[in-house]
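Throughout, read-outs are computed from the coordinates displayed, never taken from laboratory work. Just so we're clear, the structure is a prediction, and the values are computed from it rather than from any experiment. Cβ atoms come from the backbone with ideal geometry, glycine included; neighbour counts cover every protein chain shown.
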Amino acid sequence: MPQPKGFYYDSEKSRYFPIKGPIPGSSSKPMTPALNSPQTSSNQESGGSCCRKLRNRTPSKLLRARELDGHCAIASRYCRSNFTEEFRKMQASRPVIWKYRGTDGMRITALEHLRVDVQTSAGKTETDVLLTGSTNGSMSFSQVGGVGRNHDGGTKWRADCVKNYVKGRTDENNEVLKPVFKPNRAALLMSSRISSIRLGPKFSSHAVNDGHIVGRALFTTLGSETSGGTVYTLDLVEPLNLGPGILNTWSGLEEIASFRGTIWTSEYDYNRHRAVIGTNLGAASVDLETGTMSWFLHCKSDVFAQQIVNSGNVILCGLRNGAIVTVDSRERRESLSGRLITHRIPYASSDKKVVGSNKEWFKLKGDIYPSHTIRMSSSISCLASLQFDDQYFLASSMDGSMKLYDLRLLQRGAVQCYEGHVNSHTRIQMGVDPSERFVMSGGNDCKLRLWSIKSGELLFEDKFSDSIISTVCYKTYGHSFKAEEENQYKCDSSQGAWLGSYEGLFYMCWL
């Protein structure tokens with residue numbers, strides 16, 4: 001029987017549910033499927049050509065089109081698009097990129113930006129701070145601006161402009177970025193590589209304001225041959241002391257739980273006061289007060305990526321074998337028997353060719369919905385949900401695929417595809433801007449790319465680092481998804497993205 005228009009059928013709950021809101025990226029023309037193999041040189045050249053065309057657009061041309069066609073601006077001879085959207089895409093395609101001199105040895109693996117109170121001799125002051133993790137297990141604070149004041153020595157990094165795509169502006173016209181200062185004793189050496197950093201509600205741009213935990217950072221170590229991964233929290237409620245009393249800042253560090261295996265990733269569940277971790281043995285939740293661990297997924301495939309959606313009711317887990325598993329944390333079905341339920345997840349015929357196996361299914365144990373499990377064509381690299389409507393999430397895999405999915409319509413396939421991404425073996429973080437219009441990611445070719453989430457259009461593509469840009473975080477002090485009408489064409493200089501790689505620290509902004 002055909003489904004009623006505007007509704008979808010959930011086989012697990014045996015009922016229809018309404019499809020809410022417009023699907024991001026939907027269009028009248030057929031969607032181009034993502035490439036399942038490494039991109040050819042011709043595809044990369046065409047992508048670069050699109051980026052050049054975008055950068056060649058000028059405000060005067062867009063304004064002329066708006067005067068002729070109202071709020072519609074002609075993007076090409078094949079389609080028409082909104083003037084505001086075209087203006088924002090034009091801005092996004094013209095960033096200015098800076099590299100901080102002297103950060104080459106940082107080898108950044110995790111990176112977050114905070115706006116916090118810092119204690120000085122003159123009292124408390126609000127300051128921009130970077131919290132970084134590295135391959136050697138170093139966790140460190142660095143202050144943006146205010147260099148050398150009230151500090152007992154340290155290292156100062158100044159920014160050099162390495163790329164400028166704004167026409168009519170030279171290096172002499174660029175505003176000088178604030179230097180970054182790393183005080184002495186601002187780094188703490190952990191037992192192994194820092195695998196993830198997640199911020200609590202007070203600092204996260206995507207966190208609710210009334211969460212139970214305020215002013216905490218969660219971070220994990222990967223683990224090594226001699227010790228497993230560990231979950232830590234750092235209390236940041238009190239003002240930071242980055243001067244002689246910096247050891248008082250690190251006194252808020254607390255070890256929550258240790259594991260025998262590898263911790264690849266983590267998420268901070270603010271509402272339930274827990275950490276959700278992905279390991280080489282499956283996925284588990286850790287109570288941040290008691291340290292109690294509860295496994296909700298056991299599998300033979302590593303959990304490389306996770307995402308908490310629907311206020312913590314649903315947890316997405318991305319596996320090494322390419323599966324994306326949906327866990328409903330509201331229904332603890334395994335508690336009835338004290339054991340995790342075993343599920344057989346069928347392979348699609350195309351999947352079997354990719355993984356090189358003749359098996360028709362793979363086995364999972366956990367509180368999952370098999371009908372809400374999908375597979376990408378390679379290992380999952382990153383997952384990112386959209387806060388505007390967290391039924392939508394972005395997923396990237398280690399064959400260069402990047403797609404947008406709707407949780408309500410998973411079996412229908414991807415809603416949007418993003419072509420041009422290059423990845424073959426690396427866990428690379430995607431970065432979604434606070435307005436959720438654009439997504440960016442580094443690639444194995446050391447290029448950074450930026451796409452429109454709605455249209456899938458590649459807006460920016462260039463190489464300015466000799467190593468992979470593997471981590472991204474946006475500089476933001478809060479956000480709203482609906483911009484004020486009078487500010488919709490204004491470029492906010494306070495918005496920018498911090499980029500981390502083995503080569504060092506970069507900053508990307510839009511003038």
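For the stretch 79-123, a Kirkwood hydrodynamic radius built from all Cα pairs, placed in the Stokes-Einstein relation at 4 °C and 1.567 mPa s, yields a translational diffusion coefficient of 83 µm²/s.
With +1 on each Lys and Arg Cβ and -1 on each Asp and Glu Cβ, how big is the dipole of the stretch 359-471 about its Cα centre, in debye rounded to the nearest 20? Provide the component values of the computation, followed by the final result.
On the way: 13 positive and 14 negative charges, 86 e Å.
In debye, rounded to 20, the stretch 359-471 gives about 420.
Packing, as the average of other Cβ atoms within 10 Å across residues, places the peptides 421-431, 278-288 in the order 278-288, 421-431, highest first. Extending 7 Å from Cα along the Cβ direction at LYS463 and again at THR292 yields two label points whose distance is 5.3 nm.
Take the residue pairs LYS163/LYS300; LYS365/LYS403; LYS365/LYS454; LYS363/LYS403; LYS89/LYS363; LYS156/LYS463 and return only those whose Cα atoms are more than 32 Å apart. As for pairs spanning more than 32 Å Cα to Cα, those are LYS163/LYS300; LYS365/LYS454; LYS89/LYS363.
Using the per-residue mean of other Cβ atoms lying within 10 Å as a proxy for protection, in what order, highest first, do the peptides 377-389, 405-417 fall?
377-389, 405-417
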